[in-house]
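Undergrad: Here it is, the structure in full.
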Amino acid sequence: MADYMIRDGVWKSLANFRLPESLGFGIVLAPVMYSATYSEGQWSQGELLPYGPIEILPGARALHFAEQVFEGMKAYRVGRPVANLFRARDNYARMRRSAERLAMHPVPEPLFFEAVNAVVGACTEIIPGKTGQSLYVRPFLIGTEPGYAVRASHSARFMVIANPSEIYATGPMKVLIEREQVRAAAGGVGTAKTGANYAASLLGSTRAVEHDYTVALWLDPTSRENIEELSGMNLFAVIGDELHTPVLNDSILPGVTRDSLIMLARAQGWTVIEKAMPVADLLRQISNGECSEVFACGTAAIVSPIGVIGDADGRRYQPNTIDGRARILREQLLAIQERRAPDPYGWTTEVVPLVKPRSQ
Ligand SMILES: *Cc1c(COP(=O)(O)O)cnc(C)c1O
């Protein structure tokens, strides 16, 4: 695979970029992006270009069949000149599995890392450096072949965009149990990181927000009895002295953060139980105090406490503890992600900064 091209305007966009005072999450756009295309069995040379609109044929399958998969990862640069990624190989492996589930041509691993390293490397100087801040990196793959024949595209585009961001956090979340709709079908694409699952969740999420909740809490698609996850975060509960989380199945998205928290929890001797989590049991355990704490996790928010679980019948359940074990895990994980603590798992990798050649 050839090295990528650096298009006109890249250095100028980077030089002109100023980080705004307030970043939020996923709002500020990095001034550069990476793009490569796949057709006739081959990947094109990639290119780094100024962030801007792309052309896509209106008949492209991404627009009609939701032929799209994506990833979300973070690059940190807290108190260091060089940025580092967190568990990027796991994001690659998941994107590959997501693409395979949608019958798309997976992005080869070297191309994925060329793209991510190009964007993070180019953005090194503009990655905000306070604790909790990062460059959120969003690789995605879309099917670009036009046509209504129900099969996968023979052509695709792979891109990486990024956002200088704060932790995605709004204080303790209020989650509303969605009793009717499901996010992902049994045997569907729930384990793939694909926009289709978000499309399925939008009505429930919108209703939750209208009722003054942060986000919807999804149940399993078969019995609607077991807790699965939030629209973009996995869920944990502290029950007695144990940490519980729904066991992965064919409709839960296997989060990298979820996996990291399980490892950190076990490393400090906590018991972690991965099994089906009936919602009726959890609500009873919150009411009688057996369940002291509930929290969610994902790359964007890292670990976010849940203050209220609301049910469709209007009842509200409030765990006694907010941000107890959640805070411990968040601080431990963030310290590794920001390279302030030793990284015994080899989770972090440095990204070589991209430096403007003297001649340009
Ligand atoms: C991305 C995502 C998560 C969290 O995964 P991380 O790898 O921890 O960021 C959880 N659920 C869904 C549906 C997701 O899309």
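Undergrad: Go through the stretch 135-175 and give me each residue that's closer than 27 Å to residue 75 by Cα, assigned to a strand (DSSP E or B) and of a type in the set (Val, Ile, Thr).
TA: Result: 137, 142, 160, 161.
Undergrad: Could I ask something else about it? Note down all Cβ pairs under 7 Å where the first residue falls in the stretch 247-274 and is under 21 Å from residue 99 (Cα atoms), the second is crowded, with 17+ Cβ neighbours inside 10 Å and acidic (Asp, Glu), and they're at least six residues apart or on different chains.
TA: 251/220; 251/228; 252/228; 252/229; 253/229; 256/90
Undergrad: Ok, one more. Being away from the ligand (no atom under 16 Å from the Cβ) and part of a helix (DSSP H, G or I) is true for just one of 284, 224. Which residue is that? Reasoning before the result, please.
TA: Values: 224 fails: part of a helix (DSSP H, G or I).
The unique qualifying residue is 284.
Undergrad: Given the options 296, 341, 312, name the one that is within 16 Å of the ligand (Cβ to nearest atom) and either assigned to a loop (DSSP other than H, G, I, E, B) or in the same structural domain as residue 227 (by TED's automatic domain parsing) (or both).
TA: 296
Undergrad: Exactly one condition in (1) surrounded by fewer than 17 Cβ atoms within 10 Å (Cβ to Cβ); (2) in contact (Cβ under 8 Å) with a residue 24 or more places away in the chain is false for residue 41; which is it?
TA: Condition (2) is where residue 41 drops out.
Undergrad: Still on this model: Could you check the stretch 247-265 and list, in sequence order, the residues that are touching a strand residue (DSSP E or B) at 6+ places or on another chain (Cβ under 7 Å), hydrophobic (A, V, I, L, M, F, W, C) and within 8 Å of the ligand (Cβ to nearest atom)?
TA: Once the filter is applied, which keeps residues that are touching a strand residue (DSSP E or B) at 6+ places or on another chain (Cβ under 7 Å), hydrophobic (A, V, I, L, M, F, W, C) and within 8 Å of the ligand (Cβ to nearest atom), the stretch 247-265 yields 252, 253.
Undergrad: Can you list residue pairs whose Cβ atoms sit under 9 Å apart, with the first residue in the stretch 90-108 being in the same structural domain as residue 142 (by TED's automatic domain parsing) and free of Cβ contacts under 8 Å to residues at least 24 places away in the same chain and the second being among the acidic types (Asp, Glu) and within 16 Å of the ligand (Cβ to nearest atom)? Count only pairs 6 or more apart in sequence or on different chains.
TA: Every condition considered, the pairs that remain are 92/71.
Undergrad: With the requirement that a residue be closer than 19 Å to residue 94 by Cβ and touching a residue at least 40 places away in the same chain (Cβ under 8 Å), what does the stretch 113-133 give you?
TA: Within the stretch 113-133, 114, 115, 116, 117, 119, 120 qualify.
Undergrad: Of all residues in the stretch 255-279 being surrounded by 14 or more Cβ atoms within 10 Å (Cβ to Cβ) and assigned to a loop (DSSP other than H, G, I, E, B), which is farthest from the chain's Cα centre (by Cα)?
TA: Top of the filtered list is 270.
Undergrad: Which is away from the ligand (no atom under 15 Å from the Cβ), hydrophobic (A, V, I, L, M, F, W, C), closer than 24 Å to residue 145 by Cα and at pLDDT 95 or above, of 66, 62?
TA: 62
Undergrad: Run down 272, 308 and say which single residue is under 23 Å from residue 207 (Cα atoms) and either modelled with pLDDT of 95 or more or in contact with a Pro (Cβ under 6 Å, 6 or more places away or on another chain) (or both).
TA: Exactly one of 272, 308 is under 23 Å from residue 207 (Cα atoms) and either modelled with pLDDT of 95 or more or in contact with a Pro (Cβ under 6 Å, 6 or more places away or on another chain) (or both), namely 308.
Undergrad: Just to check your reading of the model, which residue among 100, 114, 125 is within 20 Å of residue 254 (Cβ to Cβ), of a type in the set (D, E, K, R) and more than 14 Å from the chain's Cα centre (by Cα)?
TA: 100
Undergrad: When you go through (1) surrounded by fewer than 17 Cβ atoms within 10 Å (Cβ to Cβ); (2) within 16 Å of the ligand (Cβ to nearest atom); (3) not in a helix (DSSP H, G or I) one by one for residue 8, which number turns out not to apply?
TA: (2)
Undergrad: Tell me the residue from 199, 192, 162 that is within 16 Å of the ligand (Cβ to nearest atom), of a type in the set (Gly, Ala, Ser), within 16 Å of the chain's Cα centre (by Cα) and outside the structural domain of residue 303 (by TED's automatic domain parsing), please.
TA: 162
Undergrad: Can I ask one more? Looking at 235, 333, can you tell me which residue is within 13 Å of the ligand (Cβ to nearest atom) and in a helix (DSSP H, G or I)?
TA: Step by step, each of 235, 333 is checked, and only 333 is within 13 Å of the ligand (Cβ to nearest atom) and in a helix (DSSP H, G or I).
Undergrad: Taking the stretch 219-254, which residues are under 18 Å from the mean Cα position of the chain (by Cα), surrounded by fewer than 23 Cβ atoms within 10 Å (Cβ to Cβ) and aliphatic (A, V, I, L, M)?
TA: If the condition is that a residue be under 18 Å from the mean Cα position of the chain (by Cα), surrounded by fewer than 23 Cβ atoms within 10 Å (Cβ to Cβ) and aliphatic (A, V, I, L, M), then 248 is the only one that fits.
Undergrad: Report every pair of residues separated by at least 6 positions or lying on different chains whose Cβ atoms are under 9 Å apart, first residue within the stretch 62-76 and closer than 30 Å to residue 130 by Cβ and of a type in the set (A, V, I, L, M), second in a loop (DSSP other than H, G, I, E, B) and within 16 Å of the ligand (Cβ to nearest atom).
TA: Within 9 Å, the pairs are 73/87; 73/299.
The values are calculated or read from the model by the stated rules, or taken from the named source; none is laboratory data. Fair warning: this is a prediction, and the values are worked out from it, not measured in the lab. Cβ coordinates were reconstructed from backbone atoms using ideal geometry, including for glycine residues, and neighbour counts include every protein chain displayed.
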